[in-house]
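All remarks here apply to the structure that follows.
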Amino acid sequence: MNFVVPDFAPAVTELFVAGMSLVILLLTVFMRESARNIGYVLTQLTLIVAALLTIFTMDGQVRVTLSDMYVDDLMGDVLKILICFSVITALIYGRGYAADRGFDRPEYHLLALFSTLGMMVMVTANHFLSLYIGLEMLSLSLYGLVAFDRDSARSTEAAMKYFILGALASGLLLYGMSMVYGATGNLSLSGVAQAIYNQAAVYDGVSSKTVLMFGLVFIVAGLAFKLGVVPFHMWVPDVYHGAPTSVTLMIGTAPKLAAFAMAMRLLVGGLFDLAEHWQTMLMLMAVGSLVLGNIAAIAQTNLKRMLAYSGISHMGFLLLGLLSGVVEGDRFNALNAYTSSMFYAIAYVVMSLASFGIIILLSRSGFEAENIDDLKGLNKRSSWFAAMMMIIMFSMAGIPFFIGFFAKLSVLQSLVAADMVWLAVLAVMMSLVGAFYYLRVVKVMYFDEPVDTAPIHAASDIRVLLSANCLAIAFLGLLPQQLIDLCQLALVASFQG
Amino acid sequence: MSEMQNLYLVVPLAPLAGAILAGLFGKAIGRTGAHVATILGVAVALFASILIYQDVQAGNTFNGTVYTWATSGNLSLEVGFLIDELTVMMMLVVTFVSLMVHLYTIGYMQEDPGYQRFFSYISLFTFSMLMLVMSNNFLQLFFGWEAVGLVSYLLIGFWYTRPTAIFANMKAFLVNRVGDFGFLLGIGLVAAHTGSLDYAEVFAQADALSAKTIELFPGAPWLLISVICICLFIGAMGKSAQVPLHVWLPDSMEGPTPISALIHAATMVTAGIFMVARMSPLFELSETALSFVIVIGATTALFMGFLGIVQNDIKRVVAYSTLSQLGYMTVALGVSAYSAAVFHLMTHAFFKALLFLGAGSVIIGMHHDQDMRNMGGLWKYMKITWFTSLVGSLALIGFPFLSGFFSKDSIIEAVHFSTIPGAGYAYFCVIVGVFVTAFYSFRMYFLVFHGKERFGQAHHDHHGDHDDEEPSDDHHHGLAPGQKPHESPWVVTVPLILLAIPSVLIGFFTIEPMLFGDWFKRAIHVTASHDTIGQFAEHFHGAAAMAMHGFTTLPFFLAMAGVVLAWFFYLVKPEIPAAIMRTFKPLHTLLDNKYYFDKFNEVVFAGGSRLLGQGLWKGGDQGVIDGLIVNGTARTISLVAQASRLLQSGHIYMYAFSMIIGLCVLLSLWFSVV
Amino acid sequence: MEFKTFVFYLLATVMVFAALRVVTVRNPVHAALFLVLTFFNAAGIWLLLQAEFLAIVLVMVYVGAVMVLFLFVVMMLDINIDRLREGFWSYLPVGAVVGVIMLAEMVLVLSGPYFGLDAMPEPPAAQAGYSNTRELGRVLYTEYVYPFELASLVLLVAMVAAVALTLRKRTGSRHLDPAQQIAVKRADRIALVSMPAEKE
């Protein structure tokens, strides 16, 4: 009956962001129309402070608080910081774009802030409930953002699809969670893990294993929807294509980190004892994503759709890291494998930010530079940004020595270490197929005559940040080890023991 | 020690910074800015190298990682430096010659529109070369190796509007790929059998390696160490232009002259020599590989010298003499006289850079006419160039007391003492080579600087004999009738003088520590039975004595005979060479066609690969690959794309349905599992 | 059969039937009404489980508020039901197969021994004075305060999104802003014009 007030200190970042979002909401309601870009400024400030708060409170300790629902560990902290920076970057890129199209309203930034809060909650969740609610907060904000350009029929349709399919996926996830609850009597992830371990030890484990597996399938399906892997990928191209590019930028970046965290919390944190089962499920989905993503991307003429399919194949690659952790019950190499996945997710987010950033850069009011043909002769219009785009494409294709190469390499290494050579071979072959459409973009930029000869005009903050982003891709390719070490450190500190 | 480590980093990074400045911001900083930036970079590198030299002399060597790039399993890819006596000597040579060439370029390229680009390239080259020599592991070595190759490719094709230049750089590129393939195989074998790419770790396992065998063909075991060494040496053959992979070097003269001096004479082409010397602990274990090295080197030394005799292009003569001298170095490697090879590498770098820059100065004076038949009597007009070229030529032919004498004679003596199979043939080649070297060197010298003034007349117009690679056809300005050549500006002549000084002196002062002292004791490993230099040392009583003795030896007489013969043929009786040419027409044709190496390559390799390509194209590619795989793949892909487009219909219930089906499949699969 | 069991099966049967009718009837108003029936039955089942508070909330919120709103929307919009049902029959076979497989699997899992009284023993009977509602309130504001507060934020997000997507200032609509009316000054309405006196 006695209730002890929980320790709020570890959750200070989330509390701060939640509080600030309410403050911003109230402020912007009472602000005059002209002073409303204060919403943007405050949102950015909040995100920066949140990142700094996380950085300064970061240590290697694992602390569980708020009645077992919140866990503060190094993986969560690292991902939270990256999510903040990713959203900050996405907002900077997208601001001019949104303003040109007249949906640069305070609610736009507010929803972005709420989605960030949702991601933070997901990343730090130690409980089915908090995980699910974080996911819903993220999803709801994103549905709203996709439809934000409300006069565009395409955006509205995309939002509708995203909403309905997302609701279906949420249903699946929730159903799976309820099944696991039924089998273990626990909603806390660490409790679930303990219960499964105990059952395996005490009972024969058969009885509730069926129920567990039943729940596992549904959970994996819900997870797969969030990651956007085959066959739960159908929303990805339509939503990426239909959403305003500034929103696509937000959907295609930070939520992937959150989805990775969700996979780690659910599968590794909660259901690790079922690893051999979910690994096989992930394998089927990874193979499907690699094949379908890369091949379908070739057929695309729309850059956003192409990047959507490429995103599907990248998520397939990410799964490859997750599924190579446990080999025949041997968990020795698991953290290395998950490290490669985390590194891949981070690398993908950095590349994805830059690639959609280029689309935004080339767009202007009344014109969307979203077809591959719009990149024709970019070299003649701006050789600097053509070079930047080339870096992105090379990196995505996995050409040495950009970050994408090392991301692929580390995943392939974990596959080989897990004796899944055929998967590695398939992944390499599909990367080669993928290289085709990335290089086609480069070819179009350098060897075709420009169709659109309008000069590029974009705010200098976008130019500088985008250049820095692209150079980071190249630079991290030269110094990948530090980032890999960071991922490894984070996972070891969070999941060791 | 960490201060020294920073200094080590400064050496390659300073030229890199210069290259980046001049390359990316060339327009912004202008011509003056470009050369100031790059020259400053190289000068800093030279200065740092001198400091490191003093440090090494004090006994402080270094072998360690400065930066780990990525760890891949047990194999770590890192950037590391190995600073010892060999490295520091190479660093000094590279930075010094590079600095001279940078200065010289200001004058040579002053009218060229690609001025900044050129400076950026040569600084980039300096960076790459320094990375190569300072490396402590195979990966970085390979990086430097490829990077210098790349810059060389870019620079040979510097005047990219000339078709001959493009042909030449393509050729250099392809031939070097052959060598690199061997090199990469060698590195791969090393990595596979030792599990390390670090020099020190590999050398520590060298003895274990020598016990292993490898079956290249079933039933025929080879000593692993021999295979590794020969593979590595094939890499060296490509880079250091040894027969039969030498064909690219003469054509590389299409590049601007400063490049010929820096890359294709003094530094890059010696990378192969340096690499073999660095790998001495491996090569010492394989007599087979050493024999192979000797035979290739000796053949190059002699037969490439012959070709120098029939060339009319001033740069090509120097190019063939470079080939021949590289042959000498290779022979020295083969007889385990690594220190002599490196010693010759150093002296050669100075006097050959001098000769090339002298040739360049002549070319400037002649307004970019390179044909020696249009020159003659230049000594009156270009006093400094004339004198320094004379010094360079004397050094090249090994006139006693000049630097070339010490290094070349040491090699000849070392070959004399060697007992490795092939040493006899090599001894013959190097001895005859002395005569040939003297003959073509002074043929060039007399044709250019003495005799009748043939410039300012109508040009010789028969390029028909080998017009496929006659350089600068569209670049022939030449002197107008009545125009006189004039001495080059100071930025050209100062480097000549600065290079002439070491060409004269350096051999005399360094032979004792480098060959017989313990300067290379730590860097180079020689087994006792191969120790030809040690045997030579017993006969050595100081540099002066060796030089005095030099006046009485066979090589000296041969060299003098060559000089006298050249004088007689080309100054006294110029009709004789023509008569000989007519009499020995087939021989001349053979030489003029460079032993038909190019023809052979063109017909057999290029033609053969074209044929093979045709066959593969028609049969394999169009039939199998295009028909079945590519078009098949394309068809499959378009089918899949069609199918996915059908599924991706935009109808939401289709999407939801596909999710449900996916779920259903997963569920069913796991029900059959559980 | 115990009476409670009988009631459960009755409610369950009606609920499943009503749920099926929601997706099969042609008239959308009927469909909405069947959904109301479904909710009522669900509420009944919760009552059987002694979750009175939840049962009442379900009736009040879903039946009383959500569904009424829904009915209004359905009645006001002219939905062409036949166009929506296009292709229903052509997809039915595949859909039916998948549905049956899923159903079979779910039945296998849920009806197996895993959820029987052996696996899940009945909870002890509640003491006298036990209040379901109070217990719910207690955990909601103590143990579950974190997800509870977050859920409120989720609702806020939904509100913000809905307002942002639908609120727009219409141009041309005839309505008056009282604040503006009150703030009117004399100068806004009356212009004094000085004119020279006109002579006849």
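Any idea what the dipole of the protein assembly as shown comes to, in debye rounded to 20, about its Cα centre with Lys/Arg Cβ at +1 and Asp/Glu Cβ at -1?
That gives a dipole near 2760 debye.
What is the helix-to-structure angle for A:12-30, meaning the angle in degrees between its Cα long axis and the longest Cα principal axis of chain A, kept from 0 to 90 and rounded to the nearest 10?
40
Could you go through the range A:472-484 in sequence order and give the Karplus-derived ³J(HN,Hα) for each residue, using 6.51 cos²θ - 1.76 cosθ + 1.60 with θ = phi - 60°, rounded to whole Hz, and x for Gly and Pro?
Coupling constants for the range A:472-484: 4, 4, 5, 5, 5, x, 8, 10, x, 5, 4, 5, 4 Hz.
Mean Kyte-Doolittle of at least -0.5 and a Cα length of 27 Å or more along the axis: which whole DSSP H helices of chain B meet both?
Those that clear 27 Å and a mean of -0.5 are B:2-24, B:26-57, B:85-108, B:115-134, B:163-194, B:287-309, B:314-334, B:338-365, B:423-449, B:490-511, B:652-673.
Which net charge results when you count Lys and Arg as +1 and Asp and Glu as -1 among the other residues whose beta-carbon is under 13 Å from that of A:M390?
Values: positive: A:R440, A:K443; negative: none.
Within the 13 Å Cβ shell, the charges total +2.
With unit charges on the beta carbon (Lys/Arg positive, Asp/Glu negative), name the residue among B:L46, B:F568, B:Y381 whose Cα is farthest towards the positive pole of the charge dipole of the protein assembly as shown.
B:Y381
Check cross-link reach from A:K380 to the lysines: straight Cα distance under 18 Å, and skip same-chain residues fewer than eight apart.
Output for A:K380: A:K443, B:K27.
What 222 nm value per residue comes from the helices of chain A, counting each DSSP H run with n ≥ 4 as -39,500 (n - 2.57) and dividing by all residues, nearest 500 deg cm²/dmol?
On the way: 20 runs with 365 residues, N = 497.
Mean residue ellipticity at 222 nm (helix-derived): -25000 deg cm²/dmol.
Which values, in whole Å and largest first, are the semi-axes of the equivalent ellipsoid of the range A:380-420 obtained as the square root of 5 times each eigenvalue of the Cα gyration tensor?
Value: 31, 6, 5 Å, ordered largest first.
Rounded, prolate or oblate for the range B:280-390? Axes are the square roots of the Cα gyration tensor eigenvalues, ordered a ≥ b ≥ c, and the cut-off for rounded is a/c under 1.5.
Verdict is prolate for the range B:280-390.
When chain C is treated as a GNM, springs tying every alpha-carbon pair under 10 Å, which of C:P93, C:P123, C:P178 comes out with the largest mean-square fluctuation?
Evaluated over chain C, the most mobile residue of the options is C:P178.
So for chain B, what are the equivalent ellipsoid semi-axes in whole Å, largest first, each being the square root of 5 times an eigenvalue of the Cα gyration tensor?
46, 32, 27
Could you tell me which of A:F260, A:M250, A:M281 has its Cα farthest along the dipole of the range A:200-288 towards the positive end, charges placed at Cβ (Lys, Arg +1; Asp, Glu -1), taken about the Cα centre?
Projecting each Cα onto the dipole axis, the largest value belongs to A:M250.
Between B:N63 and residues 5 or more places away or on another chain, which pairs have amide H atoms under 5 Å apart, with H built 1.01 Å from N, and which residues are they?
The list, which skips near neighbours in sequence, is B:I83.
Using DSSP H assignments, which helices in chain C have an axial alpha-carbon span of 15 Å or above and a mean Kyte-Doolittle hydropathy of 1.0 or higher?
Length and hydropathy pass: C:3-24, C:28-48, C:88-111, C:145-166.
May I ask you to list the lysines whose Cα is less than 30 Å away from that of C:K169, ignoring any residue fewer than eight positions away on the same chain?
Of all the lysines, those that pass the test against C:K169 - Cα under 30 Å, at least 8 places apart if same chain - are A:K161, C:K185.
Which value, in debye to the nearest 20, gives the size of the charge dipole of chain B about its Cα centre, when Lys and Arg are +1 and Asp and Glu are -1 at the Cβ?
About 960 debye.
Divide by every residue of chain C the summed helix terms, -39500 (n - 2.57) for each DSSP H run of at least 4, and state the resulting mean residue ellipticity at 222 nm, rounded to the nearest 500 deg cm²/dmol.
Calculated from helices alone, the mean residue ellipticity at 222 nm is -20000 deg cm²/dmol.
Starting with the fewest neighbours, write out B:R278, C:R189, A:R381 ranked by other beta-carbon atoms found within 10 Å of each beta-carbon.
Ordered from fewest to most neighbouring Cβ atoms within 10 Å, B:R278, C:R189, A:R381 come out as C:R189, A:R381, B:R278.
Just how large is the dipole of chain A about the Cα centre, in debye to the nearest 20, putting +1 at every Lys and Arg Cβ and -1 at every Asp and Glu Cβ?
Computed about the Cα centre, the dipole is about 820 debye.
Hey, rough spin-label estimate for B:E575 and B:A204, points 7 angstrom out along Cα→Cβ, what's it come to in nanometres?
7.4
Treat each spin label as a single point 7 Å out from the Cα along the C-beta direction, and report the A:I456 to A:S365 distance in nm.
Once both label points are built, they end up 2.1 nm from each other.
Using only DSSP helix segments of four residues or longer, with each worth -39500 (n - 2.57), what per-residue ellipticity at 222 nm results for chain B after dividing by its residue count and rounding to 500?
That comes out to -22000 deg cm²/dmol.
Count charges around B:A265 for me, please; just the other residues with Cβ under 14 Å from its Cβ, Lys/Arg as +1, Asp/Glu as -1.
Within the 14 Å Cβ shell, the charges total +4.
Pairwise over distinct Cα atoms, reciprocal of the mean inverse distance: report the Kirkwood radius of the protein assembly as shown in Å, one decimal place. Can you show the working numbers first?
Values: mean 1/r = 0.0271 Å⁻¹.
Averaging 1/r across every pair of different Cα atoms and inverting gives 36.9 Å.
Here are some pairs, A:K209/A:K256; B:K171/B:K594; B:K452/B:K573; A:K80/A:K408; B:K315/B:K383; which of them have Cα atoms lying more than 18 Å apart in this structure?
As for pairs spanning more than 18 Å Cα to Cα, those are A:K209/A:K256; A:K80/A:K408; B:K315/B:K383.
Hey, what D do you get for chain A in µm²/s if you plug the Kirkwood alpha-carbon radius into Stokes-Einstein at 4 °C and 1.567 mPa s?
Diffusion coefficient, whole number: 57 µm²/s.
How big is D for the range A:271-497, in µm² s⁻¹ as a whole number, if Stokes-Einstein is applied with the Kirkwood radius of its Cα pairs at 10 °C and 1.306 mPa s? It would help to have the intermediate numbers written out before the result.
Working: Rh = 18.2 Å.
Stokes-Einstein gives a translational diffusion coefficient of 87 µm²/s.
With a sphere of radius 14 Å drawn around the Cβ of B:I364, what net charge do the other residues whose Cβ falls strictly inside it have (Lys, Arg +1; Asp, Glu -1)? Before the final figure, lay out each step's value.
Values: positive: B:K315, B:K484; negative: B:E111, B:D112, B:D369, B:E487.
Residues close to B:I364 contribute a combined charge of -2.
Among A:M389, A:Y40, A:Y143, flag the residue with its Cα farthest along the positive direction of the charge dipole of chain A, charges on Cβ as +1 for Lys/Arg and -1 for Asp/Glu.
A:M389
Taken together, the values in this text are just the output of simple stated rules run on the coordinates, not laboratory data. All of these numbers come straight from a predicted model, not from anything done at the bench. In this analysis, Cβ positions are derived from the backbone assuming ideal geometry, glycine residues included, and neighbour counts consider all displayed protein chains.
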